Amino acid sequence: MIDFYGLLKDTNAYKIVKGDKENGRLSHAYLFVTPDGDNLLNYLKVLAKTIICEDGSPCLNCRKCKLIDKEEYVDAMFFPKNGDTVIAEDVSLLIDEAYLKPIEGKKKIFIINHGENLSALVQNKLLKTIEEPPENVYLLIGAVNDYAILPTVKSRAKKISAENFTDEVILNALKTECEDTEKLKYAVSCASGSVGEALKLYDDENLKETLDFSADMIVNMQSSKDVLTYSVKAAALKDGVNGLLSALEIVFRDLLVGRVSPEKVKLKDVFEKVKNAEIGRASCRERV
């Protein structure tokens with residue numbers, strides 16, 4: 001099982017919420033932003049436990065912490081209730097529940113997952129509760145980005161962002177989940193600091209093949225007549241065009257980084273292949 005608390009505890013986002021709680025200055029609403037949409041809810045649960053738990057920051061083992069993990073704690077409500085996005089009926093329920101006293105603890109918390117999908121109508125309906133929440137009521141909105149969050153909502157919620165994790169942190173978090181250490185290292189090196197992306201790439205049996213093809217295409221596709229040849233080959237890839245585009249993004253990222261800081265290149269074998277081809281072509285042009 002992935003230790004999401006261990007992942008989050010050293011981030012500024014967690015430290016801000018923990019510090020606010022310890023200093024008695026918890027914000028009535030937090031907007032938590034991370035590009036790792038696959039694990040967004042897991043991070044929100046860590047923050048919810050941090051706010052609610054009375055035995056630590058959080059203790060992770062008390063009844064409240066365990067029930068929040070299961071989404072069964074009576075004073076913590078998770079949204080959306082059904083489907084992929086919060087609808088007006090969800091907000092009506094949230095507002096009604098916000099004005100009822102906590103049943104078990106001293107605080108109530110409402111967790112909204114994937115807030116980037118909230119419509120303007122839903123956000124406007126939430127505004128009054130965000131502006132004037134009842135005592136000891138907290139709202140935690142998670143999003144992969146804040147582009148679609150209305151300025152009125154952003155101005156009333158405390159924004160906290162989770163920075164990308166280092167490769168070492170992700171490796172430590174996933175080593176019990178992923179048996180093949182070398183394969184995991186390769187996946188993590190391609191994941192740009194995202195746990196969710198690292199897991200996806202680890203499960204991708206064709207990752208190395210697609211990356212090698214991407215490098216080969218960059219090196220050897222010299223003219224327009226090569227486009228058709230590589231288009232046919234790309235269509236035959238097991239991961240398809242989408243997999244190729246993802247691989248090209250990874251390769252070009254390394255190429256850009258390598259021009260400034262070669263020591264920070266992740267896929268050194270792919271980088272060297274493309275780099276050597278560039279040097280060879282430059283040498284040929286000089287001789288001509």
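Looking across the range 229-266, the residues that are at pLDDT 75 or above, part of a helix (DSSP H, G or I) and either of a type in the set (Ser, Thr, Tyr) or at positive phi (or both) come down to 229, 230, 231, 246. Every test in (1) within 22 Å of residue 42 (Cα to Cα); (2) touching a helix residue (DSSP H, G or I) at 6+ places or on another chain (Cβ under 9 Å); (3) at pLDDT below 95 is passed by residue 83 save one, and that test is (2).
Yes/no matrix, rows are residues, columns are (1) under 20 Å from residue 264 (Cα atoms); (2) in contact with a helix residue (DSSP H, G or I) (Cβ under 9 Å, 6 or more places away or on another chain); (3) part of a loop (DSSP other than H, G, I, E, B); (4) in contact (Cβ under 8 Å) with a residue 24 or more places away in the chain:
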residue: 192; (1), (2), (3), (4): yes, yes, yes, yes
residue: 215; (1), (2), (3), (4): yes, yes, no, yes
residue: 219; (1), (2), (3), (4): no, yes, no, yes
residue: 223; (1), (2), (3), (4): no, no, yes, no
residue: 227; (1), (2), (3), (4): no, no, no, no
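Residues that are buried (at least 20 other Cβ atoms within 10 Å of the Cβ) and in contact with a helix residue (DSSP H, G or I) (Cβ under 7 Å, 6 or more places away or on another chain) within the range 5-17 comprise 7, 8, 14, 17, listed in sequence order.
Hey, among the residues in the range 267-283 that are modelled with pLDDT of 75 or more and charged (D, E, K, R), which one's most open to solvent (accessible area, probe 1.4 Å)? Across the range 267-283, the extreme among qualifying residues is 268.
The values are calculated or read from the model by the stated rules, or taken from the named source; none is laboratory data. Computed from a predicted structure; not experimentally measured. All Cβ positions, even for glycine, are placed from backbone atoms using ideal geometry, and neighbour counts span all protein chains on display. Remember, those area values only see protein heavy atoms, side chains included, never the ligands or the DNA or RNA. Shrake-Rupley method; radii C 1.70, N 1.55, O 1.52, S 1.80 Å.
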